[in-house]
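Undergrad: Below: one structure in structure tokens.
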Amino acid sequence: MMHIVLSGYYGFDNVGDEAILFSIVQALKGINPDIKLTVLSNNPETTKATYGTDAVNRWKIKDVISAIKSSDGLISGGGSLLQDETGMKSIPYYAGIMKIGQWLNKPVFVYAQGMGPIKQGLSKWMVKKTLNKVDLITVRDEDSKALLEKIGVTKSSQVVPDPVMSIDAQSFTNEWLKKNDVPSSYIAVSIRDWSTTVDYKVRIANALDHLVQQGNTIVFVPMHGKLDEIASYDIVGMMREASYVAPGDASIQEKISLIGQSRLLIGMRLHSLIFSAINHTPFVAISYDPKIDSFSSICEQPVAGHVGEENWDSQAIITQVENIMANEANHTDLIRGKAEVLQKEAFSTPQLAVNLFSQSNL
């Protein structure tokens, strides 16, 4: 029986990263139903119960070493693991896990990661030294590939879609919509906190007020549990008009359904945009990171503004939303075409991983 260890930002109640884990587990089991998967998790018991996998505490290094030692290989990713934007601990941790795999002579597969930002010299050195010795690198966009080349990673990398693109969203439902008697036509909104001098929440609130006054319903979809729920209520408090806030603790499937049933999404979180794409729902992005711009470009969807820049206002959001609504069928066809290609390509990545780990056993 093949045994694979999965390392990522798992067990932290971030629905984007949990959706990555969900999609990788589903894809690997689709290829090999008997495969054994062990997840390095911040909350092993919840991870076991949610995904039907084994799990060990990602902070207990002895348990991590034992899991990798008994495996046929290590998957690192997906998500934005190798970056120092959110602090200096991320790169040493994830590079360290890969190093353990290398010391134990296990094949290491980098799975559809979004690379960067990597600003510090030490961070660049660690990433370069680690990735030049892994067995296979896949990244989720051209910017990530270019960044690795720039910092001196000579190991070639392959651009593949985000793992979440492989999810079939058609069967998911959401009971919360029915219980709260939410109108069937609504705009979904996914936002997050971000440290900036730009009053982006005020701009979003003003745009949403205008859209409500034009007869639209607003439903906030918090992607990262309580954190995004609080950020959503911050904007609700700035609005003059009424809106809905969905539960932050809703399941992955429920949040995918919430975004899928909307007319369009106004989104900051990357995986809210991906949830939109797999449902063939148009979106207007608000960027805080290059990964937002990259995915929006891939799907040919607009970015209304960047939370670190002053050169946009509430009208920029309104204009993009009204443009989509005025040409709804065309925008839906456009994102459907883009998404269907990505969905097919996303299934190649788990096969690459299984092939790699199978070869190591020969």
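The values are calculated or read from the model by the stated rules, or taken from the named source; none is laboratory data. Predicted model only: the values in this text are computed from it and were never measured. Because the Cβ atoms are built from the backbone with ideal geometry, glycine has one as well, and the counts that use them run over all protein chains shown. Heavy atoms of the whole protein, side chains included, go into the accessibility calculation; ligands, DNA and RNA do not. Shrake-Rupley method; radii C 1.70, N 1.55, O 1.52, S 1.80 Å.
Undergrad: Can you tell me how many residues within segment 125-144 are in contact with a Pro (Cβ under 6 Å, 6 or more places away or on another chain) and either open to solvent by less than 40 Å² (accessible area, probe 1.4 Å) or assigned to a loop (DSSP other than H, G, I, E, B) (or both)?
TA: Summing the residues that are in contact with a Pro (Cβ under 6 Å, 6 or more places away or on another chain) and either open to solvent by less than 40 Å² (accessible area, probe 1.4 Å) or assigned to a loop (DSSP other than H, G, I, E, B) (or both) in segment 125-144 gives 1.
Undergrad: Could you list all residues from segment 199-234 that are assigned to a loop (DSSP other than H, G, I, E, B) and charged (D, E, K, R)?
TA: Asp199
Undergrad: Give segment 341-354 a look and list any residue that's open to solvent by 40 Å² or more (accessible area, probe 1.4 Å) and in contact with a Leu (Cβ under 9 Å, 6 or more places away or on another chain), or say none.
TA: Result: Leu352, single match.
Undergrad: Would you kindly identify the helices (runs of 4 or more DSSP H) lying entirely within segment 235-305 that contain at least 3 residues that are open to solvent by 10 Å² or more (accessible area, probe 1.4 Å)?
TA: Of the helices (runs of 4 or more DSSP H) lying wholly inside segment 235-305, those with at least 3 residues that are open to solvent by 10 Å² or more (accessible area, probe 1.4 Å) span 252-260, 290-299.
Undergrad: Also, quick follow-up: Counting only residues that are closer than 14 Å to Asn279 by Cβ, modelled with pLDDT of 90 or more and open to solvent by 20 Å² or more (accessible area, probe 1.4 Å), how many does segment 169-180 have?
TA: Selection size over segment 169-180: 2.
Undergrad: Looking at segment 306-340 only, could you name the residues that are surrounded by 14 or more Cβ atoms within 10 Å (Cβ to Cβ) and in contact with a Gly (Cβ under 9 Å, 6 or more places away or on another chain)?
TA: Scanning segment 306-340 gives Trp312, Asp313, Ala316, Ile317.
Undergrad: What's the number of the only condition in (1) at pLDDT below 95; (2) within 25 Å of Asp313 (Cβ to Cβ) that Met238 fails to meet?
TA: Unmet condition: (1).
Undergrad: Kindly indicate the residue of segment 127-172 that is of a type in the set (Lys, Arg) and under 20 Å from the mean Cα position of the chain (by Cα) and also farthest from Leu28 (Cα to Cα) among those meeting that condition.
TA: Lys145
Undergrad: Also: Report yes if Val39 is modelled with pLDDT of 95 or more, within 21 Å of Lys99 (Cβ to Cβ) and of a type in the set (A, V, I, L, M, F, W, C), otherwise no.
TA: Judged against the criteria, Val39 is a match.
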